[in-house]
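Working notes for the structure below.
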Amino acid sequence: MSQKTLAESSRAGAGAIEHGGAASPKRWWILAVIAIAQLMVVLDATIVNIALPSAQTDLGFSDGNRQWIVTAYALAFASLLLLGGRIADLFGRKPAFLVGVVGFAAASALGGAANGLTMLVAARALQGAFGALLAPAALSLLNTTFTDARERARAFSVYGAIAGAGGAVGLLLGGVLTDALDWRWTLYVNVAIAVVAFAGGWILLGNHRDAENAKLDVPGTVLVAAGLFSLVYGFSNAETHDWGSPLTWGFLTAGGVLLVAFAWWQTRAAHPLLPLRILLDRNRAASFLAVLITGAGMFGVFLFLTYYLQLNLGFSPTRTGVAFLPMVGALMVTAQAGTTVLVPRLGPKAVIPLGFAIATAGMAWLTGIGLGSHYLSAVLPQLIVIGVGLGMVMPPAMQLATGGVAAEDAGVASATVNAMQQVGGSIGTALLNTLAASAATDYLSGRDATSKLVRAQATIESYTTAFWWSAGFFAAGTVLAFLLYRRGVPRQDAGATQVVHM
């Protein structure tokens, strides 16, 4: 690279710093605004789940249609994430952030006022679409605002903890709002959160378009949106159909073909939607995979443990949410230690596989639950161990996945992280639901299915099967992370964010 190019890159980096507010004390207020917005997006992955029975009773839709309230959000969010990230790069992160916040709040208000299933599903799809604009804008703002290595590590520990624990917080908040008020408030609450995020973003954020001279890759956008939609839709169909259904394998196959075509097109496009240089860094690619595996494995904790606590131990929705808080606390503590102390000193090759291994042990320990188990002995210690492990994986992986990218690629790199988490969750949802249902059916085979005790034990078998498979996901993460991460401390942790225009 020539001296002139280096100088231009330095000026570009300085511009990103100036516009991101990294040289100002306001950066910690910016972190608070970003954290609030990210919490709103992450909450909606689970907050509505706990209110579904109440919504179903109120609006009168069938069990078969209930899944679409969750699936509509996941489909729109996953399929539009890369487009949302590129829009933030092309047109500016501040307007992308603010439009995302306003749109998400409006869609939430529409869902809260729903008078039927169609209106509610449409609102959830709109939430996913605006969330796909908001989430990558928020993460890329974080990456370009914090340029000091230690401060960036602290910021990512907060952001990663929210990304990792937001699902559990959603269960708690959803339970409280449903018990105290009404299921509609699990959606209306986003309006209040959005007011704070919008006001903070309007006042604190500067605008900078790092990729303003680039153009939108329309063929790439169509290919990746259709591919991700087909992939998530195929896995969603596996929950209500079987794996042999054309609606399952057909969409999964189509998704794979479209994503291969997208990868091929990115090598030829003049202005690629996802520049392949983002994926070619070994640590970054390993981090994307770590986020995907974590998304798949965490589903086993949140969904099936929620079922166990409510249906088997008799917990209320609010008490169920409170039961997850120790895991959230453990995750936040180790998130801080992992990003600010362990990874900068030991490197990701030592820390992230260790985190996966600890989470594996916690999930395997959780398979010991039974009909007569108690929360304090059979659930609480295991949740803390899982939280410790995930805190060493999710925040460092998210930091490494977005650190060191060129400023004009920050949005799409951030979108890729969110896409990995969403697709991982969809894979986990489909696989674990299918495996759990099969385990329950196998247990009932040859036994008295009319017995309440037998049916109750069958549900325990389904939960423990899901936990074992989640442990398997984390074990695979342990091996893959150890093999893929480079030895030593990442270069971006040794100094400021690298802003290199390729």
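Residues in the range 362-367 carry Karplus couplings, in order, of x, 5, 5, 5, 5, 5 Hz; the curve used is 6.51 cos²θ - 1.76 cosθ + 1.60 with θ = phi - 60°, and Gly or Pro positions show x. For the set 26, 94, solvent exposure ranked by accessible area (probe 1.4 Å, protein chains only) runs largest to smallest as 26, 94.
With N counted as the residues of the range 396-457, its alpha-carbon radius of gyration over 2.2 N^0.38 Å works out to 2.00. Spacing of the modelled spin labels on residue 215 and residue 333, each 7 Å from Cα toward Cβ, amounts to 5.5 nm.
Extents of the range 321-368, largest first, come to 34, 21, 8 Å (Cα atoms, principal axes, whole angstrom).
Couplings 3J(HN,Hα) for the range 259-273, derived from phi with the Karplus relation 6.51 cos²θ - 1.76 cosθ + 1.60 (θ = phi - 60°), are 6, 5, 5, 4, 4, 4, 5, 5, 7, 10, 5, 5, 10, x, 5 Hz, where x marks Gly and Pro. Under a 5 Å amide H cut-off, with hydrogens placed 1.01 Å from N, residue 148 pairs with nothing among residues at least 5 apart or on other chains. Apply 1/(1 + (r/R0)^6) to the Cβ-Cβ distance of residue 29 and residue 325, taking R0 = 30 Å, and write down the FRET efficiency to the nearest 0.05. The value I calculate is 0.70.
To the nearest 0.05, how large is the calculated FRET efficiency for residue 367 and residue 54 if R₀ is 41 Å and r is the Cβ-Cβ distance? Efficiency computed from Cβ-Cβ geometry: 0.85. Spin-label model, residue 260/residue 222: points 7 Å from Cα along the beta carbon direction are separated by 2.1 nm.
On a full-extension model of 0.36 nm per residue, what is the gain between residue 267 and residue 148, subtracting their alpha-carbon distance, rounded to one decimal in nm?
Computed gain between residue 267 and residue 148 is 39.5 nm.
Is the shape of the range 239-328 rounded, prolate or oblate, going by the alpha carbon gyration tensor and its root eigenvalues a ≥ b ≥ c, with a/c under 1.5 for rounded and a/b larger than b/c for prolate? Cα axes put the range 239-328 in the oblate bin. Taken one residue at a time, the phi angles of the range 28-41 give Karplus couplings (6.51, -1.76, 1.60, θ = phi - 60°) of 6, 5, 4, 4, 4, 5, 4, 4, 5, 5, 5, 4, 4, 5 Hz. Gly and Pro are set to x.
The values are calculated or read from the model by the stated rules, or taken from the named source; none is laboratory data. Note that the structure is predicted; figures quoted are calculated from it, not measured. Neighbour counts are summed over all protein chains in view; Cβ atoms, including those assigned to glycine, are modelled from backbone coordinates with ideal geometry. Ligands, DNA and RNA are excluded from the accessible area calculation, which covers all protein heavy atoms including side chains. Shrake-Rupley method; radii C 1.70, N 1.55, O 1.52, S 1.80 Å.
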